[in-house]
Amino acid sequence: VLTPIVLLLIAVAAPLFDILYGPSYSQGVVLLQLAALSSLPVAIGVTVLPPFLNGIGKSRITMIITITSAVAQAVAGYFFCISLGLGAEGIMVAFLVANLALAVPGLLLARRFLNVRMSWRPLAGILVAGLVALFAIFLLPLGNLPSIAKVVIDFVVFVAVYLTCVPLVWGIDGDDIIRLSIAGEALGPARRIVALALRYEKRVLVLLKRA
């Protein structure tokens, strides 16, 4: 879920910033995009790994990956922010490096000692579908439309392209739809929107099987 949200935020950052803060704060667009990008490693377990490892009594692995992440952030922060003079943008890049330094070693150690394996094909499919939707937005000839119109159009196009592409690149299957349907019941009024999206995904999967 996070990956398409991050890519959508990157796409609409400029008009969204214009709506919220006005053109005088346009320099913050890059910071917002980098901040969104730095959260992508969450999709591969940044927030899940430490509680999972602690819960099964592997706090030593948690300590190792936490120290690795902290050192990576310190080094990357100094390099990008001070050595390269990137300032706040360098700090955002350092956050990305730190999250990767936690997630990648954590997954490797979990696989080595706990036989924990990731389902990489769905993750890759979700990323590919999100990138296709992002590319579709960049191709839109929105010109001098008001910022609010750009955000709305970008959102509609992104969602439509993403929902169409993600089943085609194995980012979602029938079992995923069942699990998401169950999880969506706890979302209150938003469950109807989720149910509508999942019905569309199911329809695309049916058409794909027929083809």
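The values are calculated or read from the model by the stated rules, or taken from the named source; none is laboratory data. Worth saying up front: this structure is predicted, and the values here are computed from it rather than measured. Methodologically, a virtual Cβ is constructed for each residue, glycine included, from the backbone with ideal geometry; neighbour enumeration extends over all protein chains shown. To get the accessible areas, we keep the full protein, side chains included, count just its heavy atoms, and leave off ligands, DNA and RNA. Shrake-Rupley method; radii C 1.70, N 1.55, O 1.52, S 1.80 Å.
Data for the structure
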read-out: Segments classed as helices (runs of 4 or more DSSP H), wholly inside segment 1-76, with at least 1 members that are without any contact (Cβ under 8 Å) to a residue 24 or more places away in the chain and of a type in the set (Ser, Thr, Tyr); value: 2-21
read-out: Cβ-Cβ under 7 Å pairs, at least 6 apart or on other chains, segment 174-186 side touching a residue at least 24 places away in the same chain (Cβ under 8 Å), far side open to solvent by less than 90 Å² (accessible area, probe 1.4 Å) and part of a helix (DSSP H, G or I); value: 174/205; 177/198; 177/201
read-out: Members of segment 135-153 found to be within 10 Å of residue 12 (Cβ to Cβ) and touching a residue at least 60 places away in the same chain (Cβ under 8 Å), listed by number; value: 137, 147, 150, 151
read-out: Unique match (being at pLDDT 80 or above, closer than 20 Å to residue 125 by Cβ and open to solvent by less than 40 Å² (accessible area, probe 1.4 Å)) among 37, 53, 7; value: 7
